[in-house]
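Values in this text are rule-based calculations from the coordinates and carry no lab data. These figures come from a predicted structure and were not determined experimentally. So basically every Cβ, Gly included, is an ideal-geometry build from the backbone, and we count neighbours across all protein chains shown.
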Amino acid sequence: MPRLKVDNVEPDEAARSEELGASNSEVVGSAVEKTSLRRDPRFPNEPTTDEELRRVSGSPMAAFAAFPAQVHFSGEHKDEDIILLLRAHPVTNVPWILIVIGMGLLPLIVLPLLSAIGGLAGLSAGTIFVTTVFWYMGTFTYGLLNALYWYFNVGIVTGERIVDIDWSNVIYRDVASALMSKVQDVRADQAGVFAGVFDFGSVYVQTAGTEPNIEFLRVPHPQLVVRKIQELMAAEEKEWETKP
């Protein structure tokens, strides 16, 4: 029976083979490690809160403005920077805008109908004209007041505090503010289909002591607002901990 011949491997060749195998293993292992750590280009780095704020921010006249320049408010402290300027989402203005449109169209519909059935027989043209003018003046005033209330009712977040400015009528203004160090909790509430579709909701800030609780009603991106306030709360807490 023929015997298989096995060639003897020299020690140095065996060592080189082992080194080559180890080297190949290291190369393969390194390649696997690099592949596992390689970031998928479809999923870039998640932006910071400030980057997201700037991305969705509009002008200071919009409903959501982050880090607005050349904007000041009554009672602002020296070197106090405004981080967020908030108003109600524009879609919340739709009801009163529809009312204004309806009031504007009403005389155009009612007057011809009344004229057709003789309902204006006892009225002079001057009376009808004056009544129509007063009607449109009232319509314009109603629309203007709602627009002013929307524009001047603002929420402000600075690095030091949270401010809520509410105008209940043309001559009365209510200002509530709370220091960031007094804020205990902040949460957002988005209720309804429209709130989810247009991404707006209310932000509720709970404070400690005599500081008033603050509400930002129906503002855009409420979750983002809450996240930024929480970051400011954490920074304020860390600052107090590091003080001697």
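Computed from the C-beta positions of V110 and Q223, the FRET efficiency with R₀ = 41 Å rounds to 0.35. Note on F134 and D185: the extension gain reaches 13.4 nm, defined as 0.36 nm multiplied by sequence separation minus the Cα-Cα distance. What separates the Cα centres of the range 45-98 and the range 149-172 is a distance of 12 Å.
Once the C-beta distance of S74 and T242 is scaled by a Förster radius of 35 Å, the resulting FRET efficiency is 0.60 to the nearest 0.05.
Simple spin-label estimate for E52 and V197 gives 2.3 nm between the two label positions (7 Å along the Cα-to-Cβ direction from each Cα). Taking a ≥ b ≥ c as the square roots of the eigenvalues of the Cα gyration tensor, an a/c ratio of 1.5 or more together with a/b no larger than b/c marks the range 93-149 as oblate.
For L98 and R173, FRET efficiency with R0 = 35 Å and r from the beta-carbon atoms, rounded to 0.05? Efficiency, rounded to the nearest 0.05: 0.80.
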